[in-house]
Amino acid sequence: MLDARILQQLTDIVGSENIAATPQDLICYGYDATQMEFLPDCVVHPDGSEEVARILKLANSEGFPVFPRGAGSGFTGGALPKGGGVVLVTTRMNRILRIDTDNLVAEVEPGVVTETFQMAVEKLGLFYPPDPASLKFSTLGGNVAECAGGPRAVKYGVTKDFVMGLEVVLPTGEVIRTGGETVKGVVGYDLTKLICGSEGTLGVITKIIFKLLPYPDAKKTMLTVFDSIDGAARAVSTIIKNKIIPTTLEFMDHATLVCVERRFNLGLPDSGRAVLLIEVDGDRDLIEKQAGEIHKLIEPLGLVQFRVAKDAAESEELWRVRRLVSPSLRDVNPDKFNEDIVVPRSKVPDVIRRIEVIQKRYDIPIVNFGHAGDGNIHVNIMIDKQVPGQLEKAHEAIKEVFQAALDLGGTMSGEHGVGLAKQPYIPMELTADQVAAMKAIKRALDPNNILNPGKMLPV
Amino acid sequence: MTKKQIDPLERVAAEMKKCVKCGACRAHCPAFSTFQREPATARGKVALAQHLCKGDITLDDGTYSAMSKCLLCGSCVEKCPNQVPTDEIVIAAREALAQRRGLTTFHKAVGQVIKNRKVMNFGALAAAILGPLFFRKVPATSGLRLRFPMPFIGGSRHIPQIAKKPFMKRHPEVIQGEPGKPRIVFFVGCMTNFVYTEIGEATLALFRHLGCTVIIPKGQQCCGLPGMSGGDLNTVRELAEMNLAAIEAHQADYVMTACATCGGALHKLYPLVVGKRNPELKQRLQALADKTVDAAVLLQKLGLTPEETGTGSGMRITYHDPCHHRTAGITKEPRALLKRTPGLELVEMEGADRCCGLGGTFNVYHYENSLDINASKSAAIIATGADAVVTGCPGCIMQLSDGLKQAGDKTRVLHTVELLARKIRR
Ligand SMILES: Cc1cc2nc3c(=O)[nH]c(=O)nc-3n(C[C@H](O)[C@H](O)[C@H](O)COP(=O)(O)OP(=O)(O)OC[C@H]3O[C@@H](n4cnc5c(N)ncnc54)[C@H](O)[C@@H]3O)c2cc1C
Ligand code: SF4
Ligand code: SF4
């Protein structure tokens, strides 16, 4: 619990309008998309690195924990104030500081909503590719902290591939800049990459310098249906082997198709066992050619349907199939665990088969879809928490799913991070030495363990 | 808290569970867009309602205030991946809080006024006589939304004038049409009755043009939405019964409204708030709901030919979707009619489907925020370069006019029926 004196000092830093400790505020800053809930002692809305620095210095001298928070759309509880403390929200730091069209870089504050930024650069003919499905509401700071990815990662990479530099307030209150605005730069350790994906445990991001690209000329969307999961997986590797890198290769398994079809009746063929949504972008003539080639390449792999969008409206129609997945899952069971394992692209069919076995063994529905292009599969374990024993079964099944991914040379998380949700499973993936090295970094930067304590690394 | 008091929230307990706190509603909630704090989002309000339900939160001003930060626009419901009916949850929470705390003096007054047409008539008369001067001092603001001048909020707000003679006093109860043509009950609504009587006249003219018999039941009252805003659902229930009786007294094929808000009340709110305890009433209200139809939809259905009836003059217009239309799926019909009207050029604005910021008593308690939401609306309207913005809700008309005037803009604000009836009324 924070005493009145500390609350007063925090108030002095951010101003009385930007601090709240009413029961209503505590409740509303105690959840995220994991549906876990921990109440903080108070919520602050600082405006800029100076205020953040003062808050962190105070936290060190008074010994209270601080939890950075963007939009609270995280899937692993990274922003949750477990154990109580101060939630530090970036909502007010939401300015796009500049977009430099000469050097194709932009500088933003962390509270900017991802889509807002995308639209701002697109107006200037530029492109910021990272597109997590939460882009309409998640923040850029949260994206950097989680190193968010999205369907375009196959071709363009994930958030960290676009971060050139950061302004970070270290847990002890010093404000540093990392990286810069040059494409090259090798002086010192790469702190930028270290902070990306550090889940708010190594510093509070207060400014971000992003690299931008020219906006691609055009894009072409194709919806392809296969009679087997292997066909779809082989399509992915065949396309890439033939030196075509699509922007997007989204995949949905049979269970997913059944869900979507039952709810929305999209007229997908009955013989379909897997869907691949393929998108290519770039020069107008080139993508026409690529679409034709892709059709030829995947034709022999058990293709039962191939639809190409003629225009933006049709493209949106094809994307609808993918977007309807989430809303239709709830028909299977009310509660879901959404895990996002990654395996090497070619191992997608193997891991799906392993998951089928796990599903049969535990007798709970598991629905798989995701980013086939980078082997990142969203494994949705659907349960009803009200049914006794299902929760325990789900936890066992999750563990086996992780094991399957690791056995095939993969990882337990491609985009959602560790936070609180995956912490217990860390020893399955990281060795004791790896964990020790990470803990040494955390200790060096945060000696009093005040910034987002208890997250990511096993305690 | 006794069992009975918690009742309204229990009604939506199962719905609340559907919220997975994903945060998608942050992108669509106009209340969040202006307050920028979680308790104002749909997700925040659901979380608070859940805690209210569990009884582990003090039911103090804080929760009341959080629940007041909702325009009941339904945007969240449409965009929520899990279709969580936040609007219904907020209504239930407001009722629960009102039961526990008692109504605010303001909302008590609202209830008294909207339940009593005589008082309303008198208030309107007084307002009309004292004219704009009176209104500058006692701005009706919400009052107009609340269909009555309320003694607060000053400043630069632009308030429309009260009509010298209410619409319903100008016309007999039954206006006989041609035999074999539909019989239509016109549910007028307070804004049209007391302020924008032009809308009433235009509506009447259009349906008479089509040969319909138009019935304007004398016993009809305020639809009750203003009561709902404050959690005074008992007033809503009373008004629902009064209106039902007034409408049922006549044989009609349709119950028609030219106000999106009234339409929303008759169509959705009434069956929703009448509990399971009264199945007979619920069934009658459902029958009323099924018969209720918006003027534009009915005109389209009855085959109005805007080619003949519409304005001849050339005009560039843009269309604003009232929330109560959007959530009821009424977006195509008004546009179709306007598009077919010769001389009109319809240009879409950015975010035509976004709330104008009025939101019942929201704009009374949060006037600045209401204006803030409205500012982007005005900007979008102005950007189209249209001569007029057209819509189907007198409430929106008031809010849009206020916003445009605040922005120093001269774009006119009109109701769809006004444009459609131009030629025949000339
Ligand atoms: C419907 C839905 C779809 C999603 N789709 C995707 C997807 O496709 N790809 C994907 O990768 N993720 C996805 N996510 C997960 C989530 O949206 C991302 O992790 C996102 O980046 C989180 O951003 P946020 O602003 O909500 O951060 P929060 O949830 O508030 O915080 C996330 C983490 O970042 C830290 N943090 C936030 N801001 C800062 C800062 N300024 N400085 C330091 N640390 C900070 C927090 O402490 C926390 O550990 C999805 C989530 C939802 C609900
Ligand atoms: S109301 Fe809907 S959109 Fe908002 S958090 Fe809940 S589930 Fe998500
Ligand atoms: S109804 Fe409108 S204002 Fe209310 S929570 Fe939903 S989106 Fe926000």
For the stretch A:362-368, in order, what is each residue's ³J(HN,Hα) by Karplus, 6.51 cos²θ - 1.76 cosθ + 1.60 with θ = phi - 60°, in whole Hz (x at glycine and Pro)?
8, 6, 10, x, 10, 10, 10
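What does the structure give for B:17-29 when I average, per residue, the other chain Cβ atoms found within 10 Å of the residue Cβ?
The shielding value for this peptide is 6.
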What number results when the radius of gyration of the stretch A:101-236, computed over Cα atoms, is divided by 2.2 N^0.38 Å?
1.18
Taking R0 as 41 Å and r as the Cβ-Cβ distance between residue A:314 and residue A:211, the FRET efficiency 1/(1 + (r/R0)^6), rounded to the nearest 0.05, comes to 0.85
Cross-link partners of residue B:165 among aspartates and glutamates (Cα-Cα below 12 Å; sequence separation of 8 or more within a chain)
B:198
Might you tell me the accessible area per residue for the stretch A:196-253, computed with a 1.4 Å probe and given in Å²?
30 Å²
Limiting things to C-alpha atoms, what are the Rg and the maximum Cα-Cα separation (Dmax) for the stretch A:410-459, in angstroms?
11.1, 34
Cα-based Debye curve of the stretch B:24-81 sampled at q = 0.15, 0.27 Å⁻¹ gives log₁₀ I(q)/I(0) of -0.40, -1.09
Once phi is turned into θ = phi - 60°, what whole-Hz ³J(HN,Hα) does the Karplus curve with 6.51, -1.76 and 1.60 give for every residue of the stretch B:260-268, x standing for Gly and Pro?
4, 5, 4, x, x, 5, 5, 7, 10
Can you show me the helix-derived [θ] at 222 nm for the protein assembly as shown, built from DSSP H runs with n ≥ 4 at -39,500 (n - 2.57) apiece and divided by the number of residues, rounded to the nearest 500.
-12500 deg cm²/dmol
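Please list the equivalent ellipsoid semi-axes of the stretch A:218-327, computed as the square roots of five times the alpha-carbon gyration tensor eigenvalues, in descending order and whole angstrom.
Values: eigenvalues 95, 56, 22 Å².
Working from the Cα gyration tensor, I get semi-axes of 22, 17, 11 Å.
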Just counting partner chain Cβ atoms within 10 Å, what average do the residues of peptide B:41-49 show around their Cβ?
3
Simple spin-label estimate for residue A:9 and residue A:436 in nanometres, 7 Å along Cα-Cβ:
3.6 nm
Beyond 19 Å (Cα-Cα) in this structure, taken from A:160/A:220; A:220/B:79; A:422/A:455; A:136/B:79; A:57/A:82; B:18/B:54, we find A:160/A:220; A:220/B:79; A:57/A:82
Per the Cauchy relation, a quarter of the hull surface: what is the mean projected area of the convex hull of the alpha carbons in chain A, in nm²?
22.3 nm²
Could you go through the stretch B:371-380 in sequence order and give the Karplus-derived ³J(HN,Hα) for each residue, using 6.51 cos²θ - 1.76 cosθ + 1.60 with θ = phi - 60°, rounded to whole Hz, and x for Gly and Pro?
5, 4, 5, 5, 4, 6, 5, 4, 4, 5
Would you grab the residues whose amide H sits under 5 Å from the one on residue A:147? Only those 5+ places off in sequence or on another chain, please, with H modelled 1.01 Å from N.
A:197
Sites residue B:406 and residue B:251 - FRET efficiency at Förster radius 35 Å, r taken between beta-carbons, to 0.05
0.15
At 1.4 Å probe size, with the rest of the protein present, what percent of the exposed accessible area of the protein assembly as shown is carbon and sulfur atoms?
53 percent
Quick one: in the stretch B:241-330, what % of C-alpha pairs are over 15 Å apart?
66 percent
Mean shadow area of the stretch B:331-426, taken as a quarter of the surface of its Cα convex hull (nm²)
6.4 nm²
By per-residue mean of other Cβ atoms within 10 Å, what is the highest-first order of B:66-77, B:161-172?
B:66-77, B:161-172
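How many Å² of accessible area per residue for the stretch A:4-89, probe 1.4 Å?
Numbers: 2840 Å² over 86 residues.
In whole numbers, the stretch A:4-89 has 33 Å² accessible per residue.
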Mind ranking A:98, A:284 by accessible surface for me, highest first, 1.4 Å probe?
A:284, A:98
Regression test value, accessible area per residue of the stretch B:156-294, probe 1.4 Å, units Å², expected 38 Å²
Obtain the nm distance between the two label points defined at residue A:189 and residue B:316 by a simple spin-label model: each point lies 7 Å from its Cα along the Cα-to-C-beta direction.
6.0 nm
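List, in the order given, every pair from A:193/A:219; A:207/A:439; B:164/B:339; A:123/A:184; A:184/A:439 whose Cα-Cα distance in the structure shown is over 32 Å.
On the way: A:193/A:219 30 Å; A:207/A:439 25 Å; B:164/B:339 34 Å; A:123/A:184 27 Å; A:184/A:439 29 Å.
Long pairs (Cα-Cα over 32 Å): B:164/B:339.
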Looking at the calculated P(r) for the stretch B:167-300, what percent of the C-alpha pair distances fall above 26 Å?
18 percent
For residue A:393, which lysines qualify as cross-link partners when the Cα separation must be under 16 Å and same-chain residues fewer than eight apart are set aside?
A:336, A:360, A:385
Taking only pairs that are 8 or more places apart or on different chains, how many Lys pairs in the stretch B:167-300 have Cα atoms under 29 angstrom apart?
15
Given q = 0.16, 0.17 Å⁻¹, what are the Debye log10 I(q)/I(0) values for the stretch B:219-371, with equal point scatterers placed on the Cα positions and solvent ignored?
-0.98, -1.06
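What do the square roots of 5 times the Cα gyration tensor eigenvalues come to for the protein assembly as shown, in whole Å, largest first, as semi-axes of the equivalent ellipsoid? It would help to have the intermediate numbers written out before the result.
On the way: eigenvalues 504, 218, 145 Å².
Working through the eigenvalues yields semi-axes of 50, 33, 27 Å.
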How big is the accessible area of residue B:54 in square angstrom, nearest 10, if you roll a 1.4 angstrom probe over the protein chains?
140 Å²
So what are the radius of gyration and Dmax for the Cα set of the stretch A:332-378, in Å?
11.0, 32
Could you state the angle between the C-alpha long axis of helix A:284-298 and the longest principal axis of the C-alpha atoms of chain A, as a value from 0 to 90 degrees rounded to the nearest 10?
60 degrees
Per the 1/(1 + (r/R0)^6) rule, R0 = 56 Å and r from the Cβ atoms of residue A:411 and residue B:283, FRET efficiency to 0.05 is 0.45
Expressed in angstrom, Rg and Dmax over the Cα atoms of the stretch B:362-412 are 10.6, 32
What do you get for the angle between helix A:229-241 and the principal long axis of chain A? Use alpha-carbon atoms, 0 to 90 degrees, nearest ten.
80 degrees
For the stretch A:333-427, state what percent of all Cα-Cα pairs lands in each successive 10 Å bin, counting from 0 Å until the bin that includes the largest distance.
17, 53, 28, 3
So for chain A: antiparallel DSSP bridges make up what percent, rounded to the nearest 5?
85 percent
Nearest 5 percent is fine: what portion of the DSSP beta bridges confined to the protein assembly as shown is antiparallel?
70 percent
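The values are calculated or read from the model by the stated rules, or taken from the named source; none is laboratory data. Note that this is a predicted model, so its numbers are computed, not measured. In this analysis, Cβ positions are derived from the backbone assuming ideal geometry, glycine residues included, and neighbour counts consider all displayed protein chains. Accessible surface areas use protein heavy atoms only, side chains included; no ligands, DNA or RNA. Shrake-Rupley method; radii C 1.70, N 1.55, O 1.52, S 1.80 Å.
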